[in-house]
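Note sheet for the following structure.
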Amino acid sequence: MSVLRAAGPETAGGPAPDRAGSAAPGPARASGGAAAGARLRAYAARIVPPLVLLAIILTAWEAAVRVFDIPFYILPAPSRIAGVLAGDRALLLGEAAVTLGEVMLGFAIAFVVGVVLALAIFSSRTVERAVYPLVIASQTVPVFAIAPLLVVWFGYGTLSKIVMAALIVFFPIVVNTVDGLRAADPDMVNLLVILGAGPAEIVRRVRVPAALPFVFSGTRIAIATSVIGAVIGEWVGSTRGLGYLMIHANAQLHVDLVFAVIVYLSVMATALFWTVSFVEWTALPWRRAEAAAQAEWEA
Amino acid sequence: MAGGAAAALAGVLGAGGRTEAAAPGTPLTFMLDWFPNPDHVPLYAALGAGYFTQAGLIINLQVPANADDPLKLVAARKVDVAVNYESGVIFARAQGLPVRSIGLVVAQPLTTVMFLRSSGIRRPRDLAGRRVGFAVSGLEDAMIDQILRSDGVTKANVTLVNVGFDIVPALLSRKVDAVIGGYRNVERIQIEMQGQAVGMFEPERYGVPPFYELVLIAGDAAVGSRRDVLARFVRAAGRGLALTVAHPEEAFKHYIRLNPKLDDAFNRRSFEATLPAYARSQRQLRERWAAFSGWMAAQKVISSPVPADQLYANLAP
Amino acid sequence: MPAALEIKGLRKRFRHDGEWLDVLAGVSLDVGPREFVTLVGPSGCGKSTICNVVAGLVRPDAGTVAIDGQVAYMQQKDLLLPWRTVLDNAILGLEIQGAPRAAAREEARAMLRRFGLEGFERAYPATLSGGMRQRVALVRTLLCRRDLLVLDEPFGALDAMTRAAMQGYLLRLREEFGRTVLFITHDVEEAVLLSDRVYVMAARPGRIRAERRLDLPRPRRATDPGIVAEKAAILDLLHAEMSEAFA
């Protein structure tokens, strides 16, 4: 019947072609060149503004140092720092690798422990009441105070750095995962009950997928701040890593090198942040579809 | 002189200090190297006995927030005079900071490689295969390497462990067998007060050129344009040192009065241990600066030796 | 296999703002095998509660519910899992029942085609319109092969034209698949177009006010005189209800 057909395929033939500034830097319609062009434009729209802003900041910084004659040992100019970044390349990369290793290991541990704990908090009222407040309290202890304690308990080696990073990562993972598990639409849960699913199946089919965007959110935050944790951990009890390099350079008044380390740390944290976003983008195709549909709506 | 206008202004503003009645003074910001400790007794003695006031100086005493503040702030002309270390001056100068030493507070080395007697260590080569703790100072590698080399082994034969600034707990808990940077008058006392006997390798006995442990620093510009004011400062400090050496009890009383919280057994014992090391003269030796700078370069802690003339100035020899 | 539903004396109270609310005060109704029965009533008459009881989500305070077979439940919200494609959403019920995925997908593909959703199997629900999503939900409900379909205002959120199309789908499937349907709506015209029998409900507390048998020939059109008359009659009943309620 023609009446039925008319109600059929409307605009939902798939995600709409991207416009600049849309939320989704992803795939457009499957029509070759136009798609590639749109993709490139969208990509450029995301990259160019922050780069321009960065360029402005760096120029202003360089100018300020020169105009106000700021001594390099107080605030080095970007050009000086660039020199160190190039000249001490091998040293910086080597120490960065050490710190990155601590961050990744710390993150991995905290992620596993955090998710397990979140599941426990979610499933049991008793666990929630007992554990959740302690988790929150753990965040109020300043990182500086903990670092020496960790060294006492875990020794001067890499372990205390890993634990340090893990402690920082732990909190956002737990909180966001618990929120995520609670976020599942109760009607969807009921639907699965009616369809005959058991409790474990409901967790697997509904709660976990519904929680994933939240988990990624928490992960994004956690991994960027875990870099700081590893660095602070390295200030006490290590002879490798960017944190150690920083205090060593500082003791010898190598202020440019200190700033070069800071640049590396920022880049590392940012790269990790975007990596998590990228993993989420790849792992959750339905979120891409949602974003595209949203962009279309707003267009 | 140039100080006159400043002095008058200071007098009008009544810049904080112990001025009585009419005498105006030249204000000077003076930053310690770290929190007040027995190394500083002569300076507090000079303050307490009024030697700075008598020299026409109003001292604004400051404690640094970070360990490298004194060097940077003196170089940047935010602080007039500060306390620092011979190695600190050389590091700074090697990086191009315009600072130099204008006077002495502690003229002998105080730092050592320290260990518990009960560890059985007797000579440097006994450290081979052991763990040596340190706090990052920039010089720890060079120092331990020199000491070891003098006894036929090298840095490669020991495991260096960064223990942060709490070197005494690291040693006492046997997490390390020895520590670099234990002071004869500080950490040794602390460990002995815990009931343990201490062994030490004094760096100057094992090939490290003797160095001034604590010096007074000022910026090149000030040394040029305010030489007289700085000389008065150094002389007043020198009087404090003389008082301390001649009448230790009196000097210590000044220290306690200005730092009531430091009136305890540790400070007393530490002060007694420091007495032999305080500077008896304000005349700095060129050879000392040249030798130590050369040694730092040989150890590759700085890229090349800094000319001694850039490192010090005898303002009140 | 056709099923029957028999409800006798259903009572349910809910606690609301510290007070007990009588949502259902003794409701009795039945649905015969292959019958299309609709509940019509103003909001608050407990229609959804009846559905929840029948679906097994809520336990009544008193009364009996006898179902010959199993229930498939569809609501106004499509409840499609956003992280599954259209095809995988359609087979959700079958998957939970343990059916092999390949076979289930084949069956779903066929049914999606009949509902005009061919080509959208791999799309995600976010990219579909409301009407299309409800269609997928309908396919999911049907694939469960359960005997009694309980549909609680499934087309309420759709626009008039889409709703008309969906009603067509529903009738078609009734003819082809011969399922028993308990349908809820507040749209009288919809009730009259679709049903064999209509229960008119009253609210506060919820109870059956009247039952009407619709012996009208199919296919029905809104303009048919019989339809118009029936609609008027039911509306009168409902208006009487409302005036009483507001009196």
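The values are calculated or read from the model by the stated rules, or taken from the named source; none is laboratory data. Fair warning: this is a prediction, and the values are worked out from it, not measured in the lab. With ideal geometry, Cβ positions are generated from the backbone for all residues, glycine too; neighbour counts draw on all protein chains shown.
Below are the figures for this structure:
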quantity: Elements of type helices (runs of 4 or more DSSP H) in segment B:235-317, at least 1 residues being within 14 Å of chain A (Cβ to nearest Cβ) and surrounded by 15 or more Cβ atoms within 10 Å (Cβ to Cβ); calculated: B:286-298
quantity: Criterion violated by A:VAL267 - all others in (1) modelled with pLDDT of 90 or more; (2) away from every other protein chain (no Cβ under 14 Å); (3) within 28 Å of B:VAL161 (Cβ to Cβ) satisfied; calculated: (3)
quantity: Where A:VAL258 falls short, out of the listed (1) away from chain B (no Cβ under 14 Å); (2) within 23 Å of B:ASP69 (Cα to Cα); (3) without any contact (Cβ under 8 Å) to a residue 40 or more places away in the chain; calculated: (1)
quantity: Cβ pairs under 9 Å, 6+ apart, first in segment C:166-181 and more than 14 Å from chain A (Cβ to nearest Cβ) and modelled with pLDDT of 80 or more, second surrounded by 19 or more Cβ atoms within 10 Å (Cβ to Cβ) and assigned to a helix (DSSP H, G or I); calculated: C:ARG179/C:LEU142; C:ARG179/C:LEU173; C:VAL181/C:LEU170; C:VAL181/C:ARG174; C:VAL181/C:LEU194
quantity: Lone unmet requirement of (1) more than 24 Å from C:GLU189 (Cβ to Cβ); (2) in the same structural domain as C:ALA232 (by TED's automatic domain parsing); (3) surrounded by 19 or more Cβ atoms within 10 Å (Cβ to Cβ) for C:LYS47; calculated: (1)
quantity: Residues located in segment B:191-212, provided they are surrounded by fewer than 23 Cβ atoms within 10 Å (Cβ to Cβ), in contact (Cβ under 8 Å) with a residue 40 or more places away in the chain and touching a Leu at 6+ places or on another chain (Cβ under 9 Å); calculated: B:ILE191, B:GLN196, B:ALA197, B:VAL198, B:GLY199, B:TYR206
quantity: Residue within segment A:146-154 that is within 14 Å of chain C (Cβ to nearest Cβ) and exposed (fewer than 13 other Cβ atoms within 10 Å of the Cβ) present; calculated: no
quantity: Residue within segment C:53-76 that is touching a residue at least 60 places away in the same chain (Cβ under 8 Å) and touching a Gly at 6+ places or on another chain (Cβ under 6 Å) present; calculated: yes
quantity: Check on C:THR38, in contact (Cβ under 8 Å) with a residue 12 or more places away in the chain and in a strand (DSSP E or B); calculated: yes
quantity: Test: B:ARG100 is touching a residue at least 24 places away in the same chain (Cβ under 8 Å), within 30 Å of B:VAL223 (Cβ to Cβ) and basic (Lys, Arg); calculated: yes
quantity: Flag if B:THR19 is in a loop (DSSP other than H, G, I, E, B), polar (S, T, N, Q) and either under 23 Å from B:ASP228 (Cβ atoms) or modelled with pLDDT of 95 or more (or both); calculated: yes
quantity: Hits in segment B:87-120 (condition: part of a helix (DSSP H, G or I) and either more than 14 Å from chain A (Cβ to nearest Cβ) or among the basic types (Lys, Arg) (or both)); calculated: B:ARG93, B:ARG117, B:SER118, B:SER119
quantity: Exclusive hit being at negative phi and not assigned by TED's automatic domain parsing to the domain that holds C:ARG140, set C:ARG204, C:ARG197; calculated: C:ARG197
quantity: Contacts under 6 angstrom Cβ, first residue in segment A:88-102 being more than 17 Å from A:ASP256 (Cα to Cα), partner charged (D, E, K, R) and part of a loop (DSSP other than H, G, I, E, B), 6 or more apart; calculated: A:VAL98/A:ARG240
quantity: Within segment C:73-108, tally of residues that are away from every other protein chain (no Cβ under 13 Å) and surrounded by fewer than 16 Cβ atoms within 10 Å (Cβ to Cβ); calculated: 5
quantity: Which numbered condition A:VAL236 misses (of (1) under 22 Å from the mean Cα position of the chain (by Cα); (2) over 30 Å from B:SER304 (Cβ atoms); (3) within 14 Å of chain B (Cβ to nearest Cβ)); calculated: (1)
quantity: Residue check for A:TRP274: free of Cβ contacts under 8 Å to residues at least 12 places away in the same chain, touching a Pro at 6+ places or on another chain (Cβ under 7 Å) and either more than 10 Å from chain B (Cβ to nearest Cβ) or closer than 30 Å to A:VAL115 by Cα (or both); calculated: no
quantity: Restricting segment B:48-72 to residues that are hydrophobic (A, V, I, L, M, F, W, C) and at the interface with another protein chain (Cβ under 9 Å from one of its Cβ atoms), the residue that is nearest to B:SER304 (Cα to Cα); calculated: B:LEU71
quantity: Check on C:GLU153, under 25 Å from C:GLY69 (Cβ atoms) and either of a type in the set (Val, Ile, Thr) or modelled with pLDDT of 85 or more (or both); calculated: yes
quantity: Matching option when the condition is at positive phi and not polar (S, T, N, Q), among A:GLY218, A:GLY180, A:GLY155, A:GLY198; calculated: A:GLY155
quantity: Some residue of segment B:153-164 being within 30 Å of B:ALA222 (Cβ to Cβ) and outside any helix (DSSP H, G or I); calculated: no
quantity: Subset tally (residues that are of a type in the set (Lys, Arg) and either farther than 16 Å from C:VAL150 by Cα or within 14 Å of chain A (Cβ to nearest Cβ) (or both)) for segment C:31-72; calculated: 1
quantity: Subset of segment B:135-172 [more than 9 Å from chain A (Cβ to nearest Cβ), surrounded by 19 or more Cβ atoms within 10 Å (Cβ to Cβ) and polar (S, T, N, Q)]; calculated: B:GLN146
quantity: Hits in segment B:164-190 (condition: among the acidic types (Asp, Glu) and touching a residue at least 60 places away in the same chain (Cβ under 8 Å)); calculated: B:ASP177, B:GLU187
quantity: Filtered residue count, segment C:98-142, keeping only those that are in contact with a Pro (Cβ under 9 Å, 6 or more places away or on another chain), within 14 Å of C:LEU173 (Cα to Cα) and without any contact (Cβ under 8 Å) to a residue 24 or more places away in the chain; calculated: 1
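Matching residues to (1) within 30 Å of A:VAL163 (Cβ to Cβ); (2) surrounded by 22 or more Cβ atoms within 10 Å (Cβ to Cβ):
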{"site": "A:MET188", "(1), (2)": "no, no"}
{"site": "A:GLY196", "(1), (2)": "no, no"}
{"site": "A:LEU212", "(1), (2)": "yes, no"}
{"site": "A:GLY218", "(1), (2)": "yes, yes"}
{"site": "A:ILE221", "(1), (2)": "yes, no"}
{"site": "A:GLY229", "(1), (2)": "yes, yes"}
{"site": "A:SER238", "(1), (2)": "yes, yes"}
{"site": "A:MET246", "(1), (2)": "yes, yes"}
{"site": "A:VAL261", "(1), (2)": "yes, yes"}
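Let's see how each residue does on (1) outside the structural domain of B:HIS40 (by TED's automatic domain parsing); (2) among the aromatic types (Phe, Trp, Tyr); (3) under 28 Å from A:LEU242 (Cβ atoms):
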{"position": "B:PHE115", "(1), (2), (3)": "yes, yes, no"}
{"position": "B:SER118", "(1), (2), (3)": "yes, no, no"}
{"position": "B:ASP126", "(1), (2), (3)": "yes, no, no"}
{"position": "B:GLY129", "(1), (2), (3)": "yes, no, no"}
{"position": "B:PHE134", "(1), (2), (3)": "yes, yes, yes"}
{"position": "B:GLU140", "(1), (2), (3)": "yes, no, yes"}
{"position": "B:ILE147", "(1), (2), (3)": "yes, no, no"}
{"position": "B:SER150", "(1), (2), (3)": "yes, no, no"}
